[in-house]
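To keep things clear, I will list the structure first and then write my remarks on it.
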Amino acid sequence: MTSNEFPIIYDQKSGNALWIDLRQLNLRYQIPVGKIGKFFEGLKQDKVLATKCPKCEEIYFPPQDDCPKCKISGLEWIEMPEEGELLSYSVINVKPPSFSHYPDYVVGIAKMKNGVNVLAWIKSKDLKIGMKVKLKVVKREPEGYLTYELGD
Ligand SMILES: [Zn+2]
């Protein structure tokens, strides 16, 4: 058996024959969102919602229904403040395959008025660290999904 007739290489350490093949895998994500349904209802009403633990007062964004510190479920729903300050951003030229159909985009992190950091796409013509940004509900095209984004 030679490697010219088959896509086989020999591991240099062990000498084991290894069949080399390359395939493209499509991953389909299924993430349970039943406990955070209010978040999606909020987007429909132009609101960005987070959850807050009634015991330790930790705010979770993106929202989650469980507080891992207090080990309780059924957290309170609160509205995220609209205003924040840009802490950092990065222009994405090399995209993951599932984002390859979008034009180059910018991802930023903003500290919101309630102290929570939000990671999101950011749209602004003049990006500057420390600038005031607003968290808003937008429609992501071409999919037409409602989501949130930072902007000026
Ligand atoms: Zn808690």
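If you check PRO68 against the conditions, is it touching a residue at least 12 places away in the same chain (Cβ under 8 Å) and either closer than 30 Å to GLY151 by Cβ or of a type outside the set (D, E, K, R) (or both)?
No: the conditions fail for PRO68.
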## Note on the structure
Residue pairs qualifying under the 9 Å Cβ cut-off, at least six apart or on distinct chains, with the first in segment 15-34 being touching a residue at least 12 places away in the same chain (Cβ under 8 Å) and the second being exposed (fewer than 10 other Cβ atoms within 10 Å of the Cβ), are ALA17/MET1; ALA17/ASP11
### Message
Could you check segment 61-99 and list, in sequence order, the residues that are acidic (Asp, Glu), within 16 Å of the ligand (Cβ to nearest atom) and part of a strand (DSSP E or B)?
### Response
ASP66, GLU76
#### Entry: Extreme residue, farthest from the ligand (Cβ to nearest atom), among residues of segment 49-60 that are under 13 Å from ASN114 (Cβ atoms) and without any contact (Cβ under 8 Å) to a residue 60 or more places away in the chain
LEU49
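Sort through ASP11, ASP65, ASP46, ASP21 and tell me the only one that's farther than 27 Å from ILE129 by Cβ, surrounded by 11 or more Cβ atoms within 10 Å (Cβ to Cβ) and either basic (Lys, Arg) or outside the structural domain of PRO142 (by the TED database) (or both).
ASP65
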### Query
Taking TYR102, is it in a loop (DSSP other than H, G, I, E, B) and aromatic (Phe, Trp, Tyr)?
yes
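The values are calculated or read from the model by the stated rules, or taken from the named source; none is laboratory data. Note that the coordinates shown come from a computational prediction; the quantities given were computed from them, not determined experimentally. Backbone-built Cβ (ideal geometry, glycine too); neighbour counts: all protein chains shown.
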